[in-house]
């Protein structure tokens, strides 16, 4: 099958699809690797809400996609940055999303983002306000008996003056958690407002702060997600974690190697790229559970160029690539995002994403994908 795609100069060239899609194999409940997919939301294109001021979610398609993830044995990281949290999805919409997923999939493995994004940053001047903001969201999520991911806080990054402030906030908030939580270390490449998180400017000192917080609250922490796009830093941290605390890789560049691990350990996963890669991820990790490392590598390694393209700088716009692939694969009928974020990447980017998705073997129905790609090209006048 062939399709005409634009090059850098806007000239159309023929591309021949060669992908070999394979439906996912559900992970067993005793999988040695715990795999969370940070799931996107489907916007409602017919909402009368101002797209720049309120969340407008198509609940039917959003929950349908979550049922797909759960059917593959994947965990769902709910209301995270992949769902445009803080970038189109406000706290009111996030809480409703958490409630809807909880009702739809009461027995699924779901962890839910708790943060401080409902407060106006311009009004935050103290550490006590940050603690109060965290606790306000925490109370609402724990009312649902739902598990928690304690998200990095822009408000904390704004007002903290030293690591001491991070110790104060995390110790107080963790003391209020009903169940062990997943901590969240999101690098500034994902969110520039988190620059200098943990109160220091370099990785080594930041690592010492995080490890001390974890050690002081070890019974209240299930694990930590680290998203720095640097495998060596993740491995260094993984080897320093207490034995009961899991490392959840958030490295969308180096996930095959980090999940596979080495003689000293491995990472579990909490990844935005495992939204479009759900089928291949379940297949690959199933093979790894059977100690078939070669098949694991053969399945997952071809997806890396796609992931690195989607998550390239400016990394925070990766959500556009994720939703574009959901549209190509028939999980939603349109390519519209909250806050108009479908415009955050250009046409050449979409052309590259299409080709790399084919080469990663994730296009479910190539004929449908080609038809939709032609629709997109026509909108651009091609």
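Restricted to the range 195-216, and to residues that are in contact (Cβ under 8 Å) with a residue 24 or more places away in the chain and buried (at least 20 other Cβ atoms within 10 Å of the Cβ), which residue is nearest to residue 147 (Cα to Cα)?
Restricting to residues being in contact (Cβ under 8 Å) with a residue 24 or more places away in the chain and buried (at least 20 other Cβ atoms within 10 Å of the Cβ), the top hit is 214.
Could you please find all residues in the range 178-193 being surrounded by fewer than 20 Cβ atoms within 10 Å (Cβ to Cβ) and either at pLDDT 95 or above or part of a helix (DSSP H, G or I) (or both)?
Of everything in the range 178-193, those that are surrounded by fewer than 20 Cβ atoms within 10 Å (Cβ to Cβ) and either at pLDDT 95 or above or part of a helix (DSSP H, G or I) (or both) turn out to be 178, 179, 180, 192, 193.
When you scan the range 217-244, how many residues do you find that are farther than 22 Å from residue 180 by Cα, free of Cβ contacts under 8 Å to residues at least 12 places away in the same chain and not in a helix (DSSP H, G or I)?
Within the range 217-244, residues that are farther than 22 Å from residue 180 by Cα, free of Cβ contacts under 8 Å to residues at least 12 places away in the same chain and not in a helix (DSSP H, G or I) number 0.
Check residue 351 against each of (1) touching a strand residue (DSSP E or B) at 6+ places or on another chain (Cβ under 7 Å); (2) in a loop (DSSP other than H, G, I, E, B) and name the one condition it does not meet.
(2)
Hey, could you check the range 363-382 for residues that are in contact with a helix residue (DSSP H, G or I) (Cβ under 6 Å, 6 or more places away or on another chain) and not in a helix (DSSP H, G or I) and say which is surrounded by the fewest Cβ atoms within 10 Å (Cβ to Cβ)?
As a first pass, look at the range 363-382 and keep what is in contact with a helix residue (DSSP H, G or I) (Cβ under 6 Å, 6 or more places away or on another chain): 363, 369, 372-373, 380.
Retained after the next criterion (residues that are not in a helix (DSSP H, G or I)): 363, 380.
Working: 363: 22, 380: 11.
Among those that are in contact with a helix residue (DSSP H, G or I) (Cβ under 6 Å, 6 or more places away or on another chain) and not in a helix (DSSP H, G or I), it is 380.
When you look at residue 180, is it out of contact with any strand residue (DSSP E or B) (no Cβ under 7 Å at 6 or more places or on another chain) and in contact (Cβ under 8 Å) with a residue 40 or more places away in the chain, yes or no?
no
I'd like to know if the range 70-86 contains one or more residues that are buried (at least 20 other Cβ atoms within 10 Å of the Cβ), free of Cβ contacts under 8 Å to residues at least 40 places away in the same chain and in contact with a helix residue (DSSP H, G or I) (Cβ under 6 Å, 6 or more places away or on another chain).
Looking for residues that are buried (at least 20 other Cβ atoms within 10 Å of the Cβ), free of Cβ contacts under 8 Å to residues at least 40 places away in the same chain and in contact with a helix residue (DSSP H, G or I) (Cβ under 6 Å, 6 or more places away or on another chain), one finds at least one in the range 70-86, hence yes.
So which of 225, 158 ends up being modelled with pLDDT of 95 or more and surrounded by fewer than 17 Cβ atoms within 10 Å (Cβ to Cβ)? Outline the logic, then answer.
Details: 225 fails: surrounded by fewer than 17 Cβ atoms within 10 Å (Cβ to Cβ).
On inspection, the qualifying residue turns out to be 158.
Would you confirm whether any residue within the range 114-123 is buried (at least 18 other Cβ atoms within 10 Å of the Cβ), under 30 Å from residue 208 (Cβ atoms) and more than 20 Å from the chain's Cα centre (by Cα)?
Within the range 114-123, one or more residues are buried (at least 18 other Cβ atoms within 10 Å of the Cβ), under 30 Å from residue 208 (Cβ atoms) and more than 20 Å from the chain's Cα centre (by Cα).
The values are calculated or read from the model by the stated rules, or taken from the named source; none is laboratory data. All of these numbers come straight from a predicted model, not from anything done at the bench. No Cβ is skipped: glycine too gets one built from the backbone with ideal geometry, and neighbour counts run over all protein chains shown.
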